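Q: Let me give you the structure first, and then I'll get to my questions.
Bear in mind these aren't lab numbers, they're just calculated from the coordinates by the rules spelled out. Since we're looking at a predicted model, the values are computed, not measured. Note: ideal-geometry Cβ built from the backbone for every residue, glycine included; neighbour counts use all protein chains shown.
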Amino acid sequence: MTQTEYTVDVFWERGDADFLDNRYSRKHILRFDGGLEIAASSSPHVVPLPMSDASAVDPEEAFVAALASCHMLWFLSIAARRGYRVDRYVDTPLGVLAANSDGKLAMTVVTLRPQVDFGGERQPSSRDQSAMHTQAHDECFIANSVRSEVRCEPRFISR
């Protein structure tokens, strides 16, 4: 497969907050390549209200959602190729933020908990379903990326 690049625009502005008192709003916008904009913020579990916005998506939730979404998309593809009709797929994944082995806060465990409702004559056994979930996990780009290198390449504004 050739290399494919993905981007998202992240926008934050101070507004009239002092900033130096550390009581500025963490609310910002994530704009995706198709034009969708999502309100984002730090988690109220990490930065207290009102500096955080509980109604916005936080990075930890986005991480858990990306893993769950990728797994689901692979699972649906695998089920279709195997001839199983999926009528409904629901997941309530759980991500745990805790100290890692280096003592740093990290998403240490993400547990996917999908429930799949199959329709039609052909119904997969529990073993078939487990095999499809295992394959989906093995194929999921996001799950395979959890160990990826994260780089920071600042672009400086000259004044």
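Q: Name the cysteines of the chain that stand alone by the Cβ rule: no other cysteine Cβ under 4.7 angstrom.
A: Cys152 - these cysteines have no disulfide-compatible partner (Cβ-Cβ under 4.7 Å) in the chain.
Q: Moving to a separate point now. Could you order the peptides 65-76, 40-51, 102-113, 143-154 from most to least packed, using the average number of other C-beta atoms within 10 Å per residue?
A: Values: 65-76: 19.2, 40-51: 15.7, 102-113: 12.0, 143-154: 8.0.
Those peptides, ordered most packed to least, come out 65-76, 40-51, 102-113, 143-154.
Q: Test of understanding: what is the full-extension gain from Met107 to Arg155, defined as 0.36 nm times their sequence separation minus their Cα-Cα distance?
A: Working: separation 48, 0.36 × 48 = 17.28 nm, distance 2.77 nm.
Full extension from Met107 to Arg155 adds 14.5 nm.
Q: What distance in nm separates the simple spin-label points at Asn144 and Leu20, each placed 7 Å from Cα in the Cβ direction?
A: It is 5.0 nm.
Q: Can you tell me the orientation of helix 126-139 relative to the chain, as the angle in degrees between its alpha-carbon axis and the longest Cα principal axis, to the nearest 10?
A: Rounded to the nearest ten degrees, it is 40.
Q: Any idea what angle helix 59-81 forms with the longest principal axis of the chain, computed on alpha-carbon atoms, 0 to 90 degrees, nearest 10?
A: 20
Q: Tell me the Rg and the Dmax, in Å, that the Cα atoms of the range 1-56 produce.
A: 14.3, 48
Q: Note the full-extension length gain between Thr92 and Ser69 as 0.36 nm times their separation in residues minus their Cα-Cα distance, in nm to one decimal. Walk me through the numbers on the way to the answer.
A: Numbers: separation 23, 0.36 × 23 = 8.28 nm, distance 1.08 nm.
Length gained, Thr92 through Ser69: 7.2 nm.
Q: Also, quick follow-up: Hey, what did the range 1-56 get for relative contact order, percent, Cα under 8 Å, at least 6 apart?
A: On the way: 75 pairs, mean separation 16.0, N = 56.
Answer for the range 1-56 is 29 percent.
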